[in-house]
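To start, the structure itself, in structure tokens.
The values are calculated or read from the model by the stated rules, or taken from the named source; none is laboratory data. Keep in mind that what you see is a predicted model, and the values were worked out from it rather than measured. Here Cβ is always computed from backbone atoms with ideal geometry, including for glycine, and neighbour counts include all displayed protein chains. Side chains included, ligands, DNA and RNA excluded: accessible areas come from the protein's heavy atoms. Shrake-Rupley method; radii C 1.70, N 1.55, O 1.52, S 1.80 Å.
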Amino acid sequence: MNAADADRDDFHIGIIEQILTTQRHYDPLIKAVGAHMDPLVSAFQGGQARAYDDQTGMMDNFLQELQSDKYKDDVEKLKLSSWIDALKKANDLCASLSSGRTGERTE
């Protein structure tokens, strides 16, 4: 579970850092994308400090926002799809491991 959580953290931080980097981009169009995504960064930055299951839920919300119509074009312009896929896979694994742990405790 710790290794899966570490991957999830890395992918989440990677996406956030990609967006933050674009806010300093030399191309004004790319910089504008970063600025448009700033509310998303503000809402979901620092989620690694949450409890394991809380973080799983937060990541689900983060992924939903990234895949929403509001950020769809931004994600394409910043080429974040692979990052999103990796985060989704890692978060799904974390959810599955947590569910398995709960089942083991119940037994």
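Table for the structure above
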| item | result |
| --- | --- |
| Single condition Ile15 does not satisfy, out of (1) surrounded by fewer than 15 Cβ atoms within 10 Å (Cβ to Cβ); (2) out of contact with any Gly (no Cβ under 9 Å at 6 or more places or on another chain) | (1) |
| Segment 37-54 - residue that is touching a residue at least 24 places away in the same chain (Cβ under 8 Å) and closer than 13 Å to Leu20 by Cβ and, of those, surrounded by the most Cβ atoms within 10 Å (Cβ to Cβ) | Met37 |
| Subset of segment 1-60 [among the basic types (Lys, Arg) and more than 15 Å from Asp74 (Cα to Cα)] | Arg8, Arg24, Arg50 |
| Helices (runs of 4 or more DSSP H) enclosed by segment 2-82 - at least 2 residues per element that are farther than 30 Å from Ser98 by Cβ | 2-22, 28-36, 69-78 |
| Residues that are closer than 16 Å to Gly14 by Cβ, open to solvent by 70 Å² or more (accessible area, probe 1.4 Å) and touching a residue at least 12 places away in the same chain (Cβ under 8 Å), drawn from segment 66-103 | Trp83, Lys88 |
| Of all residues in segment 55-64 being surrounded by fewer than 15 Cβ atoms within 10 Å (Cβ to Cβ) and at pLDDT 95 or above, the one that is nearest to Ala4 (Cα to Cα) | Asp60 |
